[in-house]
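Participant: Structure provided below as structure tokens; questions to follow.
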Amino acid sequence: MIRLGVPSKGRLMELTFDWFAARGVTLSRSGSDRDYGGRVEGIDGLQLVLLSAGEIPRELAVGRIELGVTGQDLVRERLVGWRSDLAEIAPLGFGHADLILAVPECWRDCETLDDFASIARDFRAAHGFRLRIATKYHRLVRAWLAEAEVADYQLVDSQGATEGTVANQTAEAIADITSSGETLRANALKIIEHDNPILRSQAVLFANRAAMGAELDRVLTHLGLAAR
Ligand SMILES: Nc1ncnc2c1ncn2[C@@H]1O[C@H](COP(=O)(O)OP(=O)(O)OP(=O)(O)O)[C@@H](O)[C@H]1O
Ligand SMILES: O=P(O)(O)OC[C@H]1O[C@H](OP(=O)(O)OP(=O)(O)O)[C@H](O)[C@@H]1O
């Protein structure tokens with residue numbers, strides 16, 4: 001039996017169900033919206049496991065599911081050395097979002113990452129503490145800023161409503177996912193310009209490398225995919 005982890009709610013769940021339906025596999029919840037049991041029709045030997053999108057990377061890595069759909073951002077953030085445990089089988093073409101650094105729109109002299117670095121240096125001297133960046137993507141943000149040699153900042157953890165932390169004065173800047181840009185605009189924030197965002201992410205079908213074999217190949221072939 002191949003266990004497939006799918007986000008248990010929202011756009012990602014619905015778009016994942018649509019993606020499988022287009023390949024002849026019907027995924028559905030077994031009962032009400034609150035029932036996390038799943039049903040699979042159109043293929044034998046595939047079990048649906050509805051999970052939090054954020055938990056799917058670890059469930060794949062420890063082998064409690066063999067296949068899983070989640071965002072590249074969550075895999076890269078949550079699994080150090082993810083490539084040794086997981087294989088990206090197929091990008092799914094939805095869940096596109098950029099992980100970006102943003103500051104208040106009113107910071108007129110802060111447009112680029114170089115501007116940000118110098119403001120962060122001055123901020124520490126002026127306020128006696130390091131400029132705060134609210135995020136749930138600690139690992140990815142640290143790595144990106146280290147590469148750009150930006151050091152005068154501190155991360156404050158924010159697991160949701162991150163764009164609100166600046167107005168709430170618990171952070172000066174934020175690093176979060178954006179797609180339409182509406183949440184940034186509504187919170188009077190602007191993206192810091194750089195060659196690339198911290199990460200360009202989309203939803204991907206991942207497999208646990210240790211589970212790769214004939215049974216997994218059969219499922220992937222049914223979906224019109226080749227194992228990697
Ligand atoms: N506005 C957006 N547009 C497109 N993709 C998004 C957007 N917001 C989040 N995502 C993507 O959806 C995935 C799940 O996001 P998130 O971590 O917010 O999950 P969640 O819905 O809070 O679920 P849970 O809390 O159960 O883990 C991530 O890979 C993220 O990149
Ligand atoms: O650029 P936009 O299209 O406005 O999308 C960006 C928003 O979407 C995500 O939030 P989500 O709704 O998933 O909630 P959460 O992060 O607060 O859990 C993300 O954290 C941003 O807040």
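Participant: Quick one: in region 62-108, of everything that is within 16 Å of ligand 1 (Cβ to nearest atom) and assigned to a helix (DSSP H, G or I), which residue is surrounded by the most Cβ atoms within 10 Å (Cβ to Cβ)?
Facilitator: ASP73
Participant: Let me ask another. I need every pair where a residue in region 205-221 that is touching a residue at least 40 places away in the same chain (Cβ under 8 Å) has its Cβ under 8 Å from the Cβ of a residue that is among the hydroxyl-bearing types (Ser, Thr, Tyr) and not in a helix (DSSP H, G or I), sequence separation at least 6 or different chains.
Facilitator: PHE206/THR70
Participant: Moving on. Is there any pair with a first residue in region 160-180 that is within 17 Å of GLY54 (Cβ to Cβ) and a second that is not in a strand (DSSP E or B) whose Cβ atoms are under 6 Å apart and which are 6 or more apart or on different chains, and what are they?
Facilitator: ALA175/TYR137; ALA175/VAL141; ASP176/THR162
Participant: Also, quick follow-up: Test SER158 against the criterion of being open to solvent by 40 Å² or more (accessible area, probe 1.4 Å) and touching a Gly at 6+ places or on another chain (Cβ under 9 Å), and give yes or no.
Facilitator: Considered against the rule, which asks whether it is open to solvent by 40 Å² or more (accessible area, probe 1.4 Å) and touching a Gly at 6+ places or on another chain (Cβ under 9 Å), SER158 comes out as no.
So that you can scan it fast, the table gives a plain yes or no per residue for (1) open to solvent by 30 Å² or more (accessible area, probe 1.4 Å); (2) part of a loop (DSSP other than H, G, I, E, B); (3) within 16 Å of ligand 2 (Cβ to nearest atom):
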site: LEU12; (1), (2), (3): yes, no, yes
site: GLY24; (1), (2), (3): yes, yes, no
site: ARG39; (1), (2), (3): yes, no, no
site: LEU50; (1), (2), (3): no, no, no
site: GLY54; (1), (2), (3): no, no, yes
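Participant: Just the residues that are of a type outside the set (A, V, I, L, M) and over 14 Å from GLY68 (Cα atoms), please, taken from region 13-32.
Facilitator: From region 13-32, those of a type outside the set (A, V, I, L, M) are 14, 16-20, 23-24, 26, 28-32; that's our starting set.
If the condition is that a residue be of a type outside the set (A, V, I, L, M) and over 14 Å from GLY68 (Cα atoms), then GLU14, ASP18, ARG23, GLY24, THR26, SER28, ARG29, SER30, GLY31, SER32 are the ones that fit.
Participant: If I ask for residues that are under 17 Å from ASP176 (Cα atoms) and assigned to a helix (DSSP H, G or I), which ones from region 142-160 would you list?
Facilitator: Within region 142-160, the subset under 17 Å from ASP176 (Cα atoms) is 142-145, 153-160.
ARG142, ALA143, TRP144, LEU145 - these are the residues of region 142-160 that are under 17 Å from ASP176 (Cα atoms) and assigned to a helix (DSSP H, G or I).
Participant: Next question. For region 171-203, which residues satisfy the criterion of being open to solvent by 70 Å² or more (accessible area, probe 1.4 Å) and assigned to a loop (DSSP other than H, G, I, E, B)?
Facilitator: SER179, SER180, HIS194, ASP195, ASN196
The values are calculated or read from the model by the stated rules, or taken from the named source; none is laboratory data. The model shown is predicted, which means the values in this text are computed figures rather than measured ones. Don't worry about glycine lacking a Cβ; one is built from the backbone with ideal geometry, like all the others, and counts go over all protein chains shown. These accessible areas exclude ligands, DNA and RNA; they are computed on the full protein's heavy atoms, side chains included. Shrake-Rupley method; radii C 1.70, N 1.55, O 1.52, S 1.80 Å.
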